[in-house]
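Notes follow the structure.
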Amino acid sequence: CTLSTRSEMFVLEDGHPNALAPGKRPRTTLVSYLIREAGVPTMTIGCPGGDDQAQADLQLVLNLLVFGMNPQQAVEAPRFSTQTLVNSFYPRVYLPGQLNVEAGIPEAVRAELRALGHAVSEIGACGIGAVVTRRDPDTGVLSAGADPRRPTYALAW
């Protein structure tokens, strides 16, 4: 039997919902997206980053579908992440109300977040290494975005 690095996400505490048990899978942060428009696959999104991964992916989806960004704009836009949930990885840090923001989040927005009760801290990068590909459903033209936060490449064919 081989255990992956995600096995460290198990909790060695009897009765815990994520307790190690035979045949059980650990809580995991692994996600990727295939977005369909009118039933046709048009976009793929993937991003490493532990507990920040799903948060960064959601921001990418919103950047593309709600804010109308192209793939490169979507991956370059500044991100944020909450630390309000218990971290999946040892030592399972728990920082209620903590909100990490990248440098590109304007100070006025940070001030509003603080006024709402968030403990706002600037971090270097959040959800690093995202890649997005998109096929225009009308023209079939492919476009892609590669995250400048670390060495990434976006390929489409």
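Any read-out appearing in this document is the output of simple, stated calculations on the displayed coordinates, not a laboratory observation. Remember, it's a predicted structure, so these values are computed and weren't measured experimentally. We place every Cβ from the backbone using ideal geometry, glycine too, and count neighbours over all the protein chains shown.
At a glance:
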item	result
Cβ-defined net charge surrounding residue 46, 11 Å radius [Lys, Arg +1; Asp, Glu -1]	-2
Positive-end residue, the chain charge dipole about Cα centroid, Cβ charges, pick of 26, 48, 116	26
Computed over the chain: relative contact order in percent, which uses C-alpha pairs under 8 Å that are six or more apart	21 percent
Residue of 145, 39, 68 that the Gaussian network model of the chain assigns the largest fluctuation, springs spanning Cα pairs under 10 Å	39
Gyration tensor verdict on the chain (Cα atoms; rounded if a/c is under 1.5, prolate if a/b is larger than b/c, oblate otherwise)	oblate
Whether region 44-92 is rounded, prolate or oblate, judged on the alpha carbon gyration tensor where a/c under 1.5 counts as rounded	prolate
Computed [θ] at 222 nm, deg cm²/dmol, the chain (DSSP H ≥ 4; -39,500 (n - 2.57); rounded to nearest 500)	-5500 deg cm²/dmol
Lys, Arg +1 and Asp, Glu -1 on Cβ, resulting dipole of the chain about Cα centre, debye, nearest 20	320 debye
Separation between Cα centres of region 70-108 and region 113-128, rounded to whole Å	6 Å
